[in-house]
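Note sheet for the following structure.
The values are calculated or read from the model by the stated rules, or taken from the named source; none is laboratory data. Small disclaimer: the values here were computed from a predicted structure and weren't measured. Positions of Cβ are backbone-derived with ideal geometry, glycine not excepted, and every protein chain shown enters the neighbour counts.
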Amino acid sequence: MAILKPFAGLRPPKDIAHLVASRPYDVLNSAEARIEAAGNEKSLLHLIKPEINFSPEVDEHEQKVYNKAAEMFSVFQQNGWLVQDPEDRYYIYAQTMNGITQYGLVGCAGVADYLNGVIKKHELTRPDKEEDRMKHVRITSANLEPVFFTYRAVPELDALIAGWVKSHPAEYDFTSTDGIGHHLWVIDDHNTIARITSLFSEIPCTYVADGHHRTAAAALVGSERKKNNPNHTGTEEYNYFLAVHFPDNQLRIIDYNRVVKDLNGNSREEFIRRLDEKFLVEEKGTEIYHPCGLHNFGMYLNGAWYSLTARKGTYTDDDPIGVLDVTISSDLILRDILGITNLRTDKRVDFVGGIRGLGELKKRVDTGEMTVAFALYPVSMKQLMDIADTDNIMPPKTTWFEPKLRSGLVIHTF
């Protein structure tokens, strides 16, 4: 069963929370982070993207950059920009986008749960990215950014969270520059805390929705601390890491699309002919075409949109990976026709999160940067959980969750 533990969060005073909170480290590059943090010395980007405190020529993986993260972490605490709560608590973190609010429970997940498979994952991680985040965790002895987990909804837990929100004012309530509303409540009642812990202990497993590298890094550093502590008892804070848990009935996955630089030597006519062998191909004109369901794709080529519907027999419904539209498109189009065999390394393909809209696909083709674009129907939460439950791994760039969690509203130290 799943572990969830309250903790004494390190967090900003109410009046500067909107200044400290930042987008996650992995959704913007160093140049974008420099621009975003410009003029705001309180931005958490100075800690989670510490290279922005140096000139652009400095390699972000130099040791002095990681040292800077630890230095800035101390500065934030000394300046009172981050203050620790006096005792263990849970927190409710809600986000509002397009008038819809999702409510997550902030607490500490268990390192042991990650190692023994109670926390289920659906993506592979890269060792270099794991090590980068591990260095941050090691040198700060903190989880500066939460990971995004989900679980199968529990009605009593949903009701408890809704009741707390209704009867207590939010500690933080602001809208970030991207238009997303952020709201945080502090649960400081001992009986409520105990009930949450009890209810969560009846949940058989949780799922990593977003933040696989941060999850792995936190768990591996926790394991290191355990190994290096001869007096380990199991109660130390390094046995836990920061996570926001959202019930699955409040989440939706949005599309994650592909753009490709060339047709692998095929003419437009030959490319369409080869597609027609595995798909029903229908030209739709110049208006943006949105996939209408599973196994239906949108394609933009030479100024026109097409509908591609996978023909029966090209996929297997009882294969949790093979039935995914990302697998169908990767195998039947990208691999078999366009010669792209490794989505992680091939520079001919790029990925566009659905938050940018399908107009971004059209733009990248019309500018000549890319030749063809593919719009995919989003993966469902059921598909994600089915794949994780069967210990399968999704292909790269399959899921895109939005809105992204803001970092810096609550930090876990150990």
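A few comments on the model shown:
- Some residue of segment 204-214 being surrounded by fewer than 22 Cβ atoms within 10 Å (Cβ to Cβ) and over 22 Å from K397 (Cβ atoms): yes
- Test: I16 is among the hydrophobic types (A, V, I, L, M, F, W, C), closer than 26 Å to D88 by Cβ and not in a loop (DSSP other than H, G, I, E, B): yes
- Selection over segment 75-117 of residues that are in a strand (DSSP E or B) and in contact (Cβ under 8 Å) with a residue 60 or more places away in the chain gives a count of 21.
- The residues listed here are L242, L280; of these, the one that is surrounded by fewer than 19 Cβ atoms within 10 Å (Cβ to Cβ) and not hydroxyl-bearing (S, T, Y) is L280.
- The residue list H182, H136 contains one member that is assigned to a strand (DSSP E or B) and either crowded, with 21+ Cβ neighbours inside 10 Å or among the polar types (S, T, N, Q) (or both), which is H182.
- Residue in segment 230-254 that is farthest from F401 (Cα to Cα), counting only those that are in contact (Cβ under 8 Å) with a residue 24 or more places away in the chain and either in a loop (DSSP other than H, G, I, E, B) or β-branched (V, I, T) (or both): E236
- Taking the criterion of being hydrophobic (A, V, I, L, M, F, W, C) and more than 21 Å from V379 (Cβ to Cβ), the residues of segment 300-354 that qualify are L301, A304, W305, I337, L338.
- Complete set of residues in segment 118-131 that are assigned to a loop (DSSP other than H, G, I, E, B) and modelled with pLDDT under 95: K121, H122, E123, L124, T125, R126
- Residues satisfying the stated conditions in segment 301-321, i.e. loosely packed, with under 14 Cβ neighbours inside 10 Å and within 29 Å of the chain's Cα centre (by Cα): T316, D317, D318, D319
- Out of A33, A37, sole residue that is more than 20 Å from the chain's Cα centre (by Cα) and of a type in the set (G, A, S): A37
- Scanning segment 24-47 for residues that are in a helix (DSSP H, G or I) and touching a residue at least 40 places away in the same chain (Cβ under 8 Å) yields Y25, D26, V27, L47.
- Scan of segment 296-313 for residues that are without any contact (Cβ under 8 Å) to a residue 60 or more places away in the chain and in a loop (DSSP other than H, G, I, E, B), ordered by number: N302, R311, K312, G313
- Restricting segment 340-349 to residues that are at pLDDT 90 or above and surrounded by fewer than 17 Cβ atoms within 10 Å (Cβ to Cβ), the residue that is nearest to G368 (Cα to Cα) is R348.
- A159 being small (G, A, S), in the same structural domain as L409 (by TED's automatic domain parsing) and surrounded by 12 or more Cβ atoms within 10 Å (Cβ to Cβ): no
- Within segment 142-170, tally of residues that are part of a loop (DSSP other than H, G, I, E, B) and over 22 Å from the mean Cα position of the chain (by Cα): 4
- Whichever residue in segment 334-374 is more than 24 Å from the chain's Cα centre (by Cα), among the hydrophobic types (A, V, I, L, M, F, W, C) and assigned to a loop (DSSP other than H, G, I, E, B) and, among such residues, is farthest from P395 (Cα to Cα): M370
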